[in-house]
Every structure is written in structure tokens, then in C-alpha cells.
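Peer 1: Here it is: the structure, laid out below.
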Amino acid sequence: MADGRGGDCNSDVAVRPIRKVLLISAGASHSVALLSGNVVCSWGRGEDGQLGLGDAEDRFSPTQVSALDGQEIVSLTCGADHTTAYSEALKQVYSWGWGDFGRLGHGNSSDLFTPQPIKALHGIRIKQIACGDSHCLAVTMEGEVQSWGRNQNGQLGLGTTEDSLVPRKIEAFKGISVKMVAAGAEHTAAVTEDGELYGWGWGRYGNLGLGDRNDRLVPEKVSANVGEKMFIVACGWRHTICVSSSGALYTYGWSKYGQLGHGDFEDHLFPHKVQALHESFTSQISGGWRHTMALTSDGKLYGWGWNKFGQVGVDDNCDHCSPVQVKFPHDQKVILISCGWRHTLAVTERQNVFSWGRGTNGQLGHGESVDRYVPRIIEVLSVDGSSGQQIGSSTFDPSTAEKSWVSPTERYAVVPDENVPRQTVIPERGTGNDVNVPENDVKRIRL
């Protein structure tokens, strides 16, 4: 078992001095970072192999994913309990972690504890990858979209509700060049090179932006007239965030915890401008399970929504229905953000990495399992951190790569139960029960 500071993974390969943090991404309970020098590291919950370290142990501090050494990774994206990476030089997408419903794209539903290439995407030039709870999408340099994984509500955009164990092209985008995609729990959004916004999948809370609560099995254009073209989009679990070319921020979908930022707890079925930030130019956005973060062009970070574990980062555990500014030591400006389900990551221009929110599995990277209500520096990844700390190194053995596959039957008993969703959530506000997953879902029981 990990000892809270990298376990048995502190070894002879250390990364020091501090490398520049190029990318960060947060999943349900794990985190990853891409550092200069082609170093990938991960930390947090590892039970389903999502850390890529060859085992199922949690890591409480950043640990180098040595299986990706030399692969020239340029992007990393976390799903809820799985992770993807892309090597531009090798034209190769890698995936690892929980494999149910084919979300890893390898043609089966097996879990994978070390990164493996997705054969169906080999040789394809990838512009961007998005991972949701149980499905993934990849946008090619030509503007085409491939999708794979769970599809019970049409979130793959393929016109069916059948899961896909391998990537398949979304034919509905034929002749349309897609700029980027975003994935939620069971819904998906896209922005085209022309600034058009699309939504598909589960629409129960208006999270598709199409004016109703119906599902869509193929991408449908959001025709609500906001008078602006969109240029970035992100998804929370049940809500969607987008930014126009003028830097205006819009949100829509589920707002039970104030995650839309409109000063109330009402759902919106169309994109609705966040008035509290109307004088700011929003440059980055990220959606968590039930919270939202927005970064402005002047380096200020704002958060709102569900805050039970401090994931909004404003020194309390109260939900916020309007944006609140997150403070950093010495008023450092933020350059990168990423929301996990219950935690948040940020990188400042001083090359300091901060995290806050839920820490029970080590996903904050502080060497402990404590929740944090304000940003706290991840020492080993930061210029202003302790110079004596080192990134742990995994003990990956290439000869054991084939043994990293684990079939679901070896780890779980799958128990059909229409009355018990996979994630049972006790509502913090309101009197009704949340409908978190569609009927006929399954739960996993540890053997």
C-alpha cells in the first residue's frame, strides 16, 4: 500500500530541478501532468489502473509514468477513471485505466494498468482528445471526430445507443470541420471551425442547449441566437460551458448546486450569459462534477457551484451560485486550470502548481489525504516548492506489459439493478432524488 508519499515508487530515477509544467488534467479522483523533457506524472486514486503505473495502488504524490518515457507525449486527458495521452511524433494515442464499456478503445472492456496504444487510431494526426465519464472522442487535424466507449444515451453521436469498443467516425459531421469537443457524463458538445456549437447525448437537464430535455443520438446544432460565434467549450457532469469569440462566458444545463453561475439554482435549456463576468474576457474554462472554473485573460481565476470539499477554492464548503475569485499567494496569475470531480488543479505564471478540494485518494498531490479549501502548492512540481523533494518513479517493467490487462470478470461481479445507480448520490439541496444515470445501469461490486 502507498505510504502517502509515493509508496515504493521513490527510487533511483528522480526529476530535479523543477521542470516546466506544460499540461494538467484531473479525473474523478486522480490527476496527471505533462512536464518539459517529456515527463508524464500521475497521482491520486489508482484502483482501476488510471495512473498508468502498473498496479492498483493510490499515489499521494506525483509519480513518473515511466511507461511513457521517450514517447514524446504532447497531450494528456483524464476521464473519470481512465486516462489518455497522445504522441504527435509517433501519431499514436495511448489509453489506460477502467475499461468498462470500451472506453479505452482497445476492442474490449478490460482494465489496463499501463498505457497501451489504441491501434485503430495509429497514424492519425490528432488535434484534441476529450474524455467523459465513460466515453472518449478525438478530433483529427482534418476536423473529423472519432468516438468510442459508452453510448447508452447517444453520447458517441453515431446515431445508435450501442457502445463502441473501438473508435468510430461521427458521420454526421461529414463536410463540417470540428475545432474541439467536450465530454460530460453522458453528453457531448462540440465547436466547429466556423464557431457553431453542437450538442448530443443525454439531455435530461437541458445540457445540450437545444431548448428541451430530450436525448440526441447525433450532433445537433445549438440554434439559440446569442449573436456570437463560439470558440471553446467544456462539459461538467450534467452542464455545459462555452466561450464566445468576444470572451463572453455562457453556461447551460443542470444548476442544482449553482454550477451555471447565474445567481440561482435554476436549470437553463439554452446557452445563457454569465453576467457576473460580463466585463472580463474568459480565456479558459473547465467543468467538474458539479462545479465550474473560469480563467480570465488577466490571470484571475473564478469558481462556483458545488463546494462540499472546498473544490471551488474560496476557503469554505458552501455552494456558490455566482462566480467567486480564487486567491493565490502573492496574487500569482493563473495560466492553466483543470477540474476533477471534487478537486481542482491550477498552474500559475511563476510555474507553481496548486490543488484544492477532495484529497482522500491523494489526488491533490500533497503527500496526504486531507481536503483543502484553498489552493495549496504541490511542492515537487513547483518553482517555489521544497527543493529537497523529488518526483517518485514507477517500477514499470516492459516485459510485464502484456500482463497489465485485467478482464472485468476477474475484478468485479456485475449485478444488474435498475434501482441502484452506479454512483448513489445523496442530494445536499432539495427534496427529490437525483437521477444520476439512466435506468438499466449496472453497479460494480469488488470481489
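Peer 1: Could you pull out the residue among Phe60, Phe101 that is within 27 Å of Ser369 (Cβ to Cβ) and more than 16 Å from the chain's Cα centre (by Cα)?
Peer 2: Matching residue, one of Phe60, Phe101: Phe60.
Peer 1: Read through the list (1) under 19 Å from His291 (Cβ atoms); (2) touching an Asp or Glu at 6+ places or on another chain (Cβ under 8 Å); (3) surrounded by fewer than 19 Cβ atoms within 10 Å (Cβ to Cβ), then give the number of the only condition that Leu269 fails.
Peer 2: Of the numbered conditions (1) under 19 Å from His291 (Cβ atoms); (2) touching an Asp or Glu at 6+ places or on another chain (Cβ under 8 Å); (3) surrounded by fewer than 19 Cβ atoms within 10 Å (Cβ to Cβ), the odd one out for Leu269 is (1).
Peer 1: Looking at the stretch 196-203, can you tell me whether even one residue there is in a loop (DSSP other than H, G, I, E, B), in contact (Cβ under 8 Å) with a residue 60 or more places away in the chain, crowded, with 21+ Cβ neighbours inside 10 Å and under 20 Å from the mean Cα position of the chain (by Cα)?
Peer 2: Narrowing the stretch 196-203 to residues in a loop (DSSP other than H, G, I, E, B): 196, 202-203.
If we keep only those that are in contact (Cβ under 8 Å) with a residue 60 or more places away in the chain as well, we get 202.
Those still in the list that are crowded, with 21+ Cβ neighbours inside 10 Å too: 202.
So of that shortlist, the ones also under 20 Å from the mean Cα position of the chain (by Cα) come out as 202.
Checking the stretch 196-203: at least one residue is in a loop (DSSP other than H, G, I, E, B), in contact (Cβ under 8 Å) with a residue 60 or more places away in the chain, crowded, with 21+ Cβ neighbours inside 10 Å and under 20 Å from the mean Cα position of the chain (by Cα).
Peer 1: Filter the stretch 80-94 for residues that are in contact with a Gly (Cβ under 6 Å, 6 or more places away or on another chain) and under 26 Å from Trp341 (Cβ atoms) and give the result.
Peer 2: Those that are in contact with a Gly (Cβ under 6 Å, 6 or more places away or on another chain) and under 26 Å from Trp341 (Cβ atoms): Ala80, Asp81, His82, Thr83.
Listed here are the residues, each with its yes/no results for (1) surrounded by fewer than 19 Cβ atoms within 10 Å (Cβ to Cβ); (2) of a type in the set (A, V, I, L, M); (3) modelled with pLDDT of 95 or more; (4) within 21 Å of the chain's Cα centre (by Cα).
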position	(1), (2), (3), (4)
Ile126	no, yes, yes, yes
Ser177	yes, no, yes, no
Glu186	no, no, yes, yes
Asp194	yes, no, yes, no
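Peer 1: Out of Arg125, Arg168, which single residue is without any contact (Cβ under 8 Å) to a residue 40 or more places away in the chain and under 23 Å from Asp81 (Cβ atoms)?
Peer 2: Of the residues listed, the single one that is without any contact (Cβ under 8 Å) to a residue 40 or more places away in the chain and under 23 Å from Asp81 (Cβ atoms) is Arg168.
Peer 1: Identify, please: which residue in the stretch 156-194 is assigned to a loop (DSSP other than H, G, I, E, B) and of a type in the set (D, E, K, R) and is, among those, farthest from Ala120 (Cα to Cα)?
Peer 2: Step by step, filter the stretch 156-194, then rank; the result is Asp194.
Peer 1: Go through (1) more than 24 Å from Gly99 (Cβ to Cβ); (2) buried (at least 20 other Cβ atoms within 10 Å of the Cβ); (3) under 21 Å from the mean Cα position of the chain (by Cα) and name the single condition Leu210 misses.
Peer 2: The number of the failed condition is (3).
Peer 1: Condition first: part of a strand (DSSP E or B) and not aliphatic (A, V, I, L, M). Now tell me which residues in the stretch 350-382 satisfy that. First the steps, then the outcome.
Peer 2: Taking the stretch 350-382 and keeping what is part of a strand (DSSP E or B), we get 353-357, 372-377.
Scanning the stretch 350-382 gives Phe354, Ser355, Trp356, Gly357, Arg372, Tyr373, Pro375, Arg376.
Peer 1: Ok, one more. Kindly indicate the residue of the stretch 128-159 that is of a type in the set (D, E, K, R) and crowded, with 18+ Cβ neighbours inside 10 Å and also farthest from the chain's Cα centre (by Cα) among those meeting that condition.
Peer 2: Step by step, filter the stretch 128-159, then rank; the result is Glu144.
Peer 1: Which ones in the stretch 213-261 are surrounded by fewer than 24 Cβ atoms within 10 Å (Cβ to Cβ), of a type in the set (A, V, I, L, M, F, W, C) and in contact (Cβ under 8 Å) with a residue 60 or more places away in the chain?
Peer 2: Leu217, Val218
Peer 1: What is the residue count in the stretch 204-254 for residues that are of a type in the set (A, V, I, L, M, F, W, C) and assigned to a loop (DSSP other than H, G, I, E, B)?
Peer 2: Just the residues of the stretch 204-254 that are of a type in the set (A, V, I, L, M, F, W, C), to begin with: 208, 210, 217-218, 222, 224, 226, 230-235, 237, 241-243, 248-249, 254.
Narrowing further to those that are assigned to a loop (DSSP other than H, G, I, E, B): 208, 210, 222, 224, 226, 237, 248, 254.
Residues flagged as of a type in the set (A, V, I, L, M, F, W, C) and assigned to a loop (DSSP other than H, G, I, E, B) within the stretch 204-254 amount to 8.
Peer 1: Same structure again: Could you tell me which of the residues Arg350, Arg342 is touching a residue at least 60 places away in the same chain (Cβ under 8 Å) and among the basic types (Lys, Arg)?
Peer 2: Arg342
Peer 1: Could you tell me which of the residues Ala28, Ala33, Ala56 is farther than 22 Å from Asp384 by Cβ, modelled with pLDDT of 95 or more and buried (at least 24 other Cβ atoms within 10 Å of the Cβ)? Full working, then the answer.
Peer 2: Working: Ala33 fails: farther than 22 Å from Asp384 by Cβ; Ala56 fails: buried (at least 24 other Cβ atoms within 10 Å of the Cβ).
The match here is Ala28.
Peer 1: Which one is surrounded by the fewest Cβ atoms within 10 Å (Cβ to Cβ) among residues in the stretch 383-394 that are part of a loop (DSSP other than H, G, I, E, B) and among the hydroxyl-bearing types (Ser, Thr, Tyr)?
Peer 2: Selected residue: Ser386.
Peer 1: Return the residues of the stretch 301-349 that are part of a loop (DSSP other than H, G, I, E, B) and surrounded by fewer than 19 Cβ atoms within 10 Å (Cβ to Cβ); say none if nothing qualifies.
Peer 2: Keep residues of the stretch 301-349 that are part of a loop (DSSP other than H, G, I, E, B), which gives 306-319, 327-328, 332-333, 340-342, 349.
Listed by number, the residues that qualify are Lys308, Asp315, Asp316, Asn317, Cys318, Lys327, Lys333, Glu349.
Peer 1: Right, next: Can you work out which of the residues in the stretch 113-140 that are in a strand (DSSP E or B) and not hydrophobic (A, V, I, L, M, F, W, C) is nearest to Gly46 (Cα to Cα)?
Peer 2: Initially, the stretch 113-140 is screened for residues in a strand (DSSP E or B), giving 113-117, 126-131, 135-140.
Remaining after also requiring not hydrophobic (A, V, I, L, M, F, W, C): 114-117, 127-128, 135, 140.
Details: Thr114: 11, Pro115: 13, Gln116: 16, Pro117: 20, Lys127: 28, Gln128: 25, His135: 19, Thr140: 30 Å.
Result: Thr114.
Peer 1: Let me ask something additional. Within the stretch 267-289, can you find the residues that are within 23 Å of Arg204 (Cα to Cα) and not in a loop (DSSP other than H, G, I, E, B)?
Peer 2: Scanning the stretch 267-289 gives His268, Leu269, Phe270, Pro271, His272, Lys273, Ile285, Ser286, Gly287.
Peer 1: Could you tell me whether any residue of the stretch 376-385 is among the β-branched types (Val, Ile, Thr) and farther than 16 Å from Val32 by Cβ?
Peer 2: Within the stretch 376-385, one or more residues are among the β-branched types (Val, Ile, Thr) and farther than 16 Å from Val32 by Cβ.
The values are calculated or read from the model by the stated rules, or taken from the named source; none is laboratory data. Quick caveat, the model's predicted, so the values are computed rather than measured. Cβ atoms come from the backbone with ideal geometry, glycine included; neighbour counts cover every protein chain shown.
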